[in-house]
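Single-structure report; data block below.
Rule-based calculations on the coordinates, nothing more; no lab input. Since the structure is predicted, the reported quantities are computational estimates derived from the model, not experimental observations. With ideal geometry, Cβ positions are generated from the backbone for all residues, glycine too; neighbour counts draw on all protein chains shown.
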């Protein structure tokens, strides 16, 4: 779930954005200036929250609080390599088939255009 700061910033940004548009439409320049300042403030609040979260995450990573992920296995078998090669071959063949189909469609359309 999103934090309350993010939710409040999003809601206030939307409301102030609508007030900004309404102020421009009605030519109430004081409303435009006030809403523009509010949007700027909402952006500052959201960016400071993001900065706070990044600093907290960096501190947690530096202190080793975060759990380690599963250890990656360095053992590569022949089946792994063959599976990867077959997957790449299938993707490449599919792309070539789509390309050939597109070229044939363009050639047919070109022939129809010349014929008419």
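For n ≥ 4 DSSP H runs only, could you compute -39500 (n - 2.57) per run for the chain, divide by its residues and tell me the 222 nm figure to the nearest 500? Working shown, then result.
Working: 3 runs with 96 residues, N = 116.
Mean residue ellipticity at 222 nm (helix-derived): -30000 deg cm²/dmol.
Would you work out the relative contact order for the chain, in percent, from Cα pairs under 8 angstrom that are 6 or more residues apart?
Numbers: 37 pairs, mean separation 21.9, N = 116.
Over the chain, the number comes to 19 percent.
For the residues 105, 78, what sequence is obtained by ranking on other C-beta atoms within 10 Å, fewest first? Intermediate results must be reported in sequence, preceding the final value.
Values: 105 10, 78 7.
Fewest-to-most ranking of 105, 78: 78, 105.
Please report, largest first and rounded to whole Å, the three semi-axes of the ellipsoid equivalent to segment 4-63, where each semi-axis is the square root of five times an eigenvalue of the C-alpha gyration tensor. Can you show the working numbers first?
Details: eigenvalues 222, 17, 6 Å².
Rounded to whole Å, the semi-axes are 33, 9, 5.
Express in whole angstrom the spacing between the alpha-carbon centres of segment 1-65 and segment 82-99.
46
Can you put 116, 12, 110 in order of Cβ neighbours within 10 angstrom, beginning with the fewest?
Details: 116 5, 12 16, 110 10.
Arranged by neighbour count, lowest to highest, 116, 12, 110 become 116, 110, 12.
Determine the gain in length on full extension of the stretch residue 88-residue 107; use 0.36 nm per residue of separation and subtract their C-alpha separation, reporting nm with one decimal.
Details: separation 19, 0.36 × 19 = 6.84 nm, distance 2.84 nm.
So the extension gain works out to 4.0 nm.
What per residue convex hull volume, in Å³, do the alpha-carbon atoms of the chain yield? Present the calculation step by step, with values, prior to reporting the outcome.
Details: hull volume 28.8 nm³, N = 116.
It is 248 Å³ per residue.
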